[in-house]
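Please read through the structure below; I'll follow up with questions.
The values are calculated or read from the model by the stated rules, or taken from the named source; none is laboratory data. The structure displayed is predicted, hence computed values, not measured ones. We place every Cβ from the backbone using ideal geometry, glycine too, and count neighbours over all the protein chains shown. Accessible surface is based on the protein model in full, side chains and every heavy atom, while ligands, DNA and RNA are left aside. Shrake-Rupley method; radii C 1.70, N 1.55, O 1.52, S 1.80 Å.
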Amino acid sequence: MIDRIGDVLRDIVLETPPNVGGGIADALRALQLGGRLRKLDMPARRDLLELFARSAGEMLDDWFESDPIKAVLGWDSVVGNFASPYTPGSAYVLLHHTFGEVNGKKGIWGHAIGGMGAITQAMAREAEARGVEISTSAAVERVRVKNGRAAGVVLASGEEIGASATIANVGPKMLYLRLMDSADLDPEFRGRMERFKGGSGTFRMNVALAELPDFRALPGTQAQPHHGSGIVLGPSLAYFDRAYTDAREHGFSKQPIVEVLIPSTLDDTLAPKGQHVASLFCQQFSPTLRDGRSWDDERQRAADAVIDVVDSYAPNFRRSILGTKILSPLDLERELGLVDGDIFHGRLSLEQLFSARPLLGYGDYRGAVRGLYLCGSGAHPGGGVTGAPGHNAAREILKDWKRGRIRS
């Protein structure tokens with residue numbers, strides 16, 4: 001079912017959504033999309049409706065009996081989604097994580113040799129070879145707007161950089177609420193953006209290990225096939241649901257969901273011989289804490305809860321830790337500019353997808369003022385390492401350049 005719907009959506013990922021309220025070109029795009037969906041037979045149309053509207057938990061309960069099978073599939077419905085697997089719309093989040101492809105192979109994930117930074121380094125080399133100037137440690141203080149048009153940026157250092165087109169890869173809330181003067185935005189638009197939903201419930205840990213985890217289910221610290229895969233620690237959808245409700249009540253779950261990845265089993269450049277690095281991707285952790293508590297105060301307690309979960313499955317885990325890098329939702333915001341720690345730059349819910357991402361009327365990568373463009377995960381098709389939002393935004397920017405809407 002997912003493959004069949006994924007084949008339809010995979011094509012739409014690299015297209016610009018029809019902009020509601022746009023011109024003839026947008027109307028034609030909408031008609032073309034409608035024609036494509038009409039080619040689906042009735043069972044496929046029903047599947048499409050279910051995957052967008054239902055909860056992942058309900059769908060998985062309909063399809064499977066085994067709790068572990070439902071959990072390992074249901075994990076994709078809560079990755080970067082501060083919600084229960086029984087929250088309506090979580091079936092789409094599951095679909096979002098499964099219809100991608102790597103090297104032409106559908107529905108799988110890939111590992112970048114050298115770590116995720118290898119991707120941006122490759123992009124930087126190609127860009128510089130084409131004459132692009134890249135500045136780092138150059139924080140943007142605000143977007144300059146002149147005569148209703150984006151005219152470049154002002155850096156935190158006070159330096160001003162003029163531009164005929166300003167392209168933002170930050171999330172919509174960061175761009176419009178923190179990097180732009182409210183006087184430069186339509187009040188209704190700004191009000192909508194203040195209500196834009198985010199907060200992925202994500203807590204991240206990178207851990208250096210003296211040895212591989214020795215799992216009770218598959219003992220041994222010598223590399224085995226399971227050490228080279230995604231290891232989801234969470235035995236059932238009921239466990240996932242409790243983790244979410246616990247986090248809503250107390251800020252973070254005492255028994256969070258943890259996915260363990262050990263990339264050094266596939267890439268020996270990441271750790272000294274005989275040692276390893278593990279990446280712990282953890283859910284559910286509220287972006288904001290009650291009663292005036294700060295994530296600065298709770299970070300270590302939350303990290304201990306994560307380690308306790310892993311240790312319950314692999315009892316050598318805690319004692320093999322050589323060092324940790326802990327990123328709470330607040331750390332993700334401060335270090336990476338992810339407002340509310342949201343790894344997707346905004347919730348992947350029906351009212352914030354496709355033509356409505358980030359808002360209706362702005363689904364074509366063009367920003368709230370002329371000359372401003374959005375190319376990150378806050379635009380269609382959303383989060384994940386796809387490059388698709390940037391690919392689509394570049395196409396629209398080139399169109400505007402050729403039409404004379406961007407002038408040097």
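Give Lys70/Lys273; Lys254/Lys325; Lys105/Lys173; Lys273/Lys325 a once-over and call out the pairs whose C-alpha atoms are over 30 Å from each other.
Lys70/Lys273; Lys105/Lys173
If you take the Cα Rg of region 326-383 and divide it by 2.2 N^0.38 Å, with N the number of residues, what do you get?
1.21
Quick check: the angle from helix 24-38's long axis to the longest principal axis of the chain, C-alpha only, nearest 10 degrees?
For 24-38 against the chain, the angle is about 40 degrees.
Related question: Give me the base-10 log of I(q)/I(0) for region 81-182 at each q in 0.15 Å⁻¹, Debye formula, one uniform scatterer per Cα, rounded to two decimals.
One equal scatterer on each Cα of region 81-182 leads to -0.95.
Can you give the local net charge around Asn316? Use residues other than it whose beta-carbon is closer than 9 angstrom to its beta-carbon, Lys and Arg +1, Asp and Glu -1.
-1
Which whole-number value in Å³ per residue fits the convex hull of the alpha carbons of the chain?
Each residue corresponds to 163 Å³ of Cα convex hull volume.
Quick one: Karplus J couplings for region 301-313, per residue in order, coefficients 6.51, -1.76, 1.60, θ = phi - 60°, nearest Hz, x for Gly and Pro?
Rounded to whole hertz, the list is 4, 5, 4, 5, 5, 5, 5, 4, 4, 5, 5, 5, 9.
Mind checking the angle between helix 2-13 and the chain's longest principal axis? C-alpha axes, 0 to 90 degrees, to the nearest 10.
30
Amide H to amide H, which residues 5 or more places from Gly152 or on other chains are under 5 Å from it, using H placed in the peptide plane?
Arg144, Ala163
With only alpha-carbon atoms counted, please give the Rg and Dmax of region 1-90, in Å.
My reading of the Cα-based Rg and Dmax gives 15.9, 50 Å.
Let me have the relative contact order for region 165-265, percent, based on Cα pairs under 8 Å that are six or more residues apart.
Contact order relative to length: 20 percent.
Let me check against my output: what whole-number percent is the relative contact order of region 250-408, with C-alpha pairs under 8 Å and at least 6 apart?
14
Also, I was wondering about something else. Given a 1.4 angstrom probe, what's the average accessible area per residue across the chain, in square angstrom?
Here the per-residue accessible area is 51 Å².
Name the residues whose placed amide hydrogens come within less than 5 Å of the amide hydrogen of Tyr86, ignoring near sequence neighbours (fewer than 5 apart) on the same chain.
Gly57
Looking at region 216-266 from every direction and averaging, what is the projected area of its Cα convex hull in nm²?
Computed as one quarter of the Cα hull surface, the answer is 4.4 nm².
Going by amide H atoms built from the backbone, whose H comes under 5 Å of the H on Asp342, apart from near neighbours?
Gly199, Ser200
In percent, what relative contact order does the chain have, based on Cα pairs under 8 Å that are 6 or more apart in sequence?
Once divided by the residue count of the chain, the mean separation gives 20 percent.
Still on this structure, I have one more. On alpha carbon coordinates alone, what is the Rg over Rh value for region 191-282, Rh being the Kirkwood radius?
On the Cα set of region 191-282, Rg over Rh gives 1.09.
Loop only by DSSP, 15 or fewer other Cβ within 10 Å of the Cβ. Give me the GluC sites (Glu not before Pro) in region 66-138 that pass, ordered by residue number.
Answer in residue order: Glu133.
How would you order 5-14, 259-268 from highest to lowest mean count of nearby Cβ atoms within 10 Å?
Packing order, densest peptide first, comes out as 259-268, 5-14.
Whole-Hz Karplus ³J(HN,Hα) for region 87-104, in order, using 6.51 cos²θ - 1.76 cosθ + 1.60 and θ = phi - 60°, x for Gly and Pro?
6, x, x, 5, 5, 5, 4, 4, 4, 4, 8, 10, 9, x, 7, 10, 6, x
Calculate how steeply helix 388-402 sits against the longest principal axis of the alpha-carbon atoms of the chain, using the helix alpha-carbon long axis, and give the answer as 0 to 90 degrees to the nearest 10.
Orientation of helix 388-402: about 10 degrees from the principal axis.
Leaving ligands, DNA and RNA out of it, report the carbon-plus-sulfur percent of the accessible area of the chain at a 1.4 Å probe.
So the carbon and sulfur contribution to the accessible surface is 53 percent.
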